[in-house]
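Visitor: One structure, as C-alpha cells, below. Some questions next.
The values are calculated or read from the model by the stated rules, or taken from the named source; none is laboratory data. Because the structure is a prediction, the values reported are computed rather than measured. Here the Cβ positions follow ideal geometry from the backbone for every residue, glycine too, while neighbour counts run over all protein chains shown. Please note that ligands, DNA and RNA were not included when accessible areas were found on the heavy atoms of the full protein model with its side chains. Shrake-Rupley method; radii C 1.70, N 1.55, O 1.52, S 1.80 Å.
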Amino acid sequence: LSAFITIIKLFLFLFKKKKYDYFITDDILVIPGFLLKIKTFLFVDNDYKTLSLIKYLLPFATKIICPSSTELSKFRKKLLKFRGNKALAYLSPKYFTPDRSKVLIESKYSLIRVSILDAVHDDENNKGIQDEELTKLINLLEIHGKVYISAEREISNKFEKYRLNIDPIDMAHYINFSKILITDSGTMASEAAVLGVPNILINNLAGSCGVHRELNNYNLQYFYDNFDDAYKMTENLLSKKNIKEIWKQRRKNFLTKTDDFTEFFYNLLK
C-alpha cells in the first residue's frame, strides 16, 4: 500500500514538472520512469538473494549500477559494474581528507555502532548487537581506551554515558581516528574498511553480500553472524600491535584495484 501511494504521489509531481532526461535512484522511481519511457539508473549493492521488495524493481530499470562483486547475474544485460563499493564515492583519498580537529576526543578510543535493522532487505532474524552483548563489548574495549556508542536505535539508560553526540556529517572523521569499529551496520563497516580502520561486522546477511565478501578477501573487514565469534576476533585484533598501520597498508592495496566511482558515474551521464 505504501509503495502504491508513493507511485501515485510521484506521478502527481512529475506531471506538474518539466520533461526529464534521466531518473537516478535506488528506489521506486524506476516504475514511473518505465511507464513514462524515461531512462532510469537504479543503484543496487546487495546480492539478488538478499533483496526483498527491491528485487521487484529491477525489471523496470533501464540500467542497474552495482559493484562488480555484487551478484545480479539474472539481469546481466542491464548491469553497469564498477570495481569497489559506494563508500569510495565519498571516502576515497581523492574526495575525503580526515581532519583531527573535527574529533572532539583527545584520548584513544573505540567505536560501537548499533543500528535499527528494519530495512526492506533485513529479515526478522537479523538482531544485530543486543544490550547484553553491548555490555560485554564495552567491558572489553574499555581496557584499551575510551568507548563511544553511535546509536541509531534506542539504548538502555546505562549506556547513555557512552553515547556519541555529534553532527552526523563528521562521523567519517570519528571513524577514521578510532582504534576499531564494532557494528551491526553494513554501511558503516564498509566505510571503516575504506578508511583503513579495523572493523568487525555482526550481521547475518553480511556473508551473502558481495561487497562484504570482497572486503573480507582483502582482510579489510571481518563479519560474523554470531556474537561469540565476533567477540573472539575483537580480542584478537586488540591484542595486536600496530593494527591500524596494517589496515592502512591493506587499504592501500585495495584502492589500487578499484575504480573512481564518482568519475565513472559522471562520465556515464556526460
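Visitor: Quote the charge dipole size of segment 158-251 about the Cα centre in Debye, to the nearest 20; the model charges only the Cβ of Lys and Arg (+1) and of Asp and Glu (-1). It would help to have the intermediate numbers written out before the result.
Guide: Details: 12 positive and 11 negative charges, 83 e Å.
Approximately 400 debye in magnitude.
Visitor: Carbon and sulfur together cover what percent of the accessible area of segment 125-164 at a 1.4 Å probe radius?
Guide: For segment 125-164, the apolar C and S fraction of the accessible surface comes to 40 percent.
Visitor: Label-point separation (nm) for residue 16 and residue 153, each offset 7 Å from Cα along Cα-to-Cβ?
Guide: Rounded to a tenth, the inter-label distance reads 3.8 nm.
Visitor: Which listed residue (148, 109, 249) has the Cα farthest towards the positive end of the charge dipole for the chain, taking +1 on Lys and Arg C-beta and -1 on Asp and Glu C-beta about the Cα centre?
Guide: Farthest towards the positive pole: 249.
Visitor: To continue, here is another question. Rounded to the nearest percent, how much of the accessible area of segment 65-112 (1.4 Å probe, protein heavy atoms only) is carbon and sulfur? Walk me through the intermediate numbers first.
Guide: Working: 1460 of 2670 Å².
Ligands and nucleic acids excluded, carbon and sulfur reach 54 percent.
Visitor: Also, I was wondering about something else. Can you give the angle from 0 to 90° between the axis of helix 243-255 and the longest principal axis of the chain, with both taken from C-alpha atoms, to the nearest 10?
Guide: That works out to roughly 20 degrees.
Visitor: Related question: For segment 68-206, what is the charge dipole size about the Cα centre, in debye to the nearest 20, if Lys and Arg each add +1 at the Cβ and Asp and Glu each add -1 at the Cβ?
Guide: Details: 20 positive and 18 negative charges, 167 e Å.
Dipole about the Cα centre, nearest 20: 800 debye.
Visitor: Can you tell which of 84, 197, 187 lies farthest toward the positive end of the dipole of the chain, using +1 and -1 charges on the Cβ of basic and acidic side chains (Lys, Arg; Asp, Glu)?
Guide: Among 84, 197, 187, the one farthest towards the positive end of the dipole of the chain is 84.
Visitor: If you don't mind, another one. Taking a probe of 1.4 Å, how large is the accessible area per residue of segment 124-270, in Å²?
Guide: Averaged over the residues of segment 124-270, the accessible area is 49 Å².
Visitor: Note down the Stokes-Einstein diffusion coefficient of segment 18-105 in µm²/s, whole number, using a Kirkwood radius over alpha carbon pairs, 10 °C, and 1.306 mPa s.
Guide: This corresponds to a translational diffusion coefficient of 108 µm²/s.
Visitor: Right, something else. What net charge is computed for the residues neighbouring residue 94, neighbours being all others with C-beta under 10 Å from the C-beta of residue 94, Lys and Arg scored +1, Asp and Glu -1?
Guide: For residues surrounding residue 94, the net value is -2.
Visitor: Further question: Rounded, prolate or oblate, given the Cα gyration tensor of segment 185-235, with a/c below 1.5 counting as rounded?
Guide: Oblate, because a/c is 1.5 or more while a/b does not exceed b/c.
Visitor: Using a 1.4 Å probe on the protein heavy atoms only, what accessible surface does residue 160 show? Give it in Å² to the nearest 10.
Guide: Ignoring ligands and nucleic acids, residue 160 comes out at about 80 Å².
Visitor: With a cut-off of 16 Å, note down the residues of segment 1-41 whose backbone N falls inside the zone around a label point 7 Å from the Cα of residue 56 toward its beta carbon.
Guide: 1-8, 27-32
Visitor: Using a 1.4 angstrom probe, figure out how much accessible area segment 11-68 has per residue, in square angstrom, rounded to the nearest whole.
Guide: That works out to 58 Å² per residue.
Visitor: Nearest 5 is fine: what % of DSSP beta bridges in segment 83-207 come out antiparallel, could you say?
Guide: Once the DSSP bridges in segment 83-207 are tallied, antiparallel ones form about 0 percent.
Visitor: Could you work out the local net charge near residue 65, counting Lys and Arg as +1, Asp and Glu as -1, over the other residues with Cβ closer than 13 Å to its Cβ?
Guide: +3
Visitor: While we're here: Name the residues whose placed amide hydrogens come within less than 5 Å of the amide hydrogen of residue 147, ignoring near sequence neighbours (fewer than 5 apart) on the same chain.
Guide: 110
Visitor: Calculate one ³J(HN,Hα) per residue across segment 54-61 by plugging θ = phi - 60° into the Karplus curve 6.51 cos²θ - 1.76 cosθ + 1.60, and present them in order as whole Hz with x for glycine and proline.
Guide: Per residue, the Karplus-derived 3J(HN,Hα) values read 4, 4, 7, 8, 4, x, 7, 6 Hz.
Visitor: Checking the a/c ratio against 1.5 first, then a/b against b/c, what shape does the Cα gyration tensor give for segment 77-200?
Guide: Oblate, since a/c reaches 1.5 and b/c is not below a/b.
Visitor: Given the C-alpha centroids of segment 123-183 and segment 1-56, what is the distance between them in whole angstrom?
Guide: Each part's Cα centre sits 34 Å from the other's.
Visitor: Taking the chain as the reference, fit the longest principal axis to its C-alpha atoms, fit the long axis of helix 227-238 to the helix C-alpha atoms, and give the angle between the two in degrees, 0 to 90, nearest 10.
Guide: Taking Cα atoms only, the helix is inclined about 60 degrees.
Visitor: For residue 73 and residue 99, calculate 0.36 nm times their separation in residues minus their Cα-Cα distance, and state this gained length in nm to one decimal. Write out the running numbers ahead of the final one.
Guide: On the way: separation 26, 0.36 × 26 = 9.36 nm, distance 4.03 nm.
Here the answer is 5.3 nm.
Visitor: How much of the pair distance distribution for the chain lies past 28 Å, counting alpha-carbon pairs only, in percent?
Guide: Of all Cα-Cα distances in the chain, 41 percent exceed 28 Å.
Visitor: Add -39500 (n - 2.57) for each DSSP H run of 4 or more in the chain, then divide by its residues: what number comes out at 222 nm, to the nearest 500 deg cm²/dmol?
Guide: -9500 deg cm²/dmol
Visitor: Calculate, for residue 268 and residue 3, the FRET efficiency according to 1/(1 + (r/R0)^6) with r their C-beta to C-beta distance and R0 30 Å; round to the nearest 0.05.
Guide: In this case the efficiency is close to 0.65.
Visitor: While we're here: Once you place label points 7 Å from the Cα toward the Cβ at residue 229 and residue 163, how far apart are they in nm?
Guide: Between residue 229 and residue 163, the simple spin-label model gives 3.3 nm.
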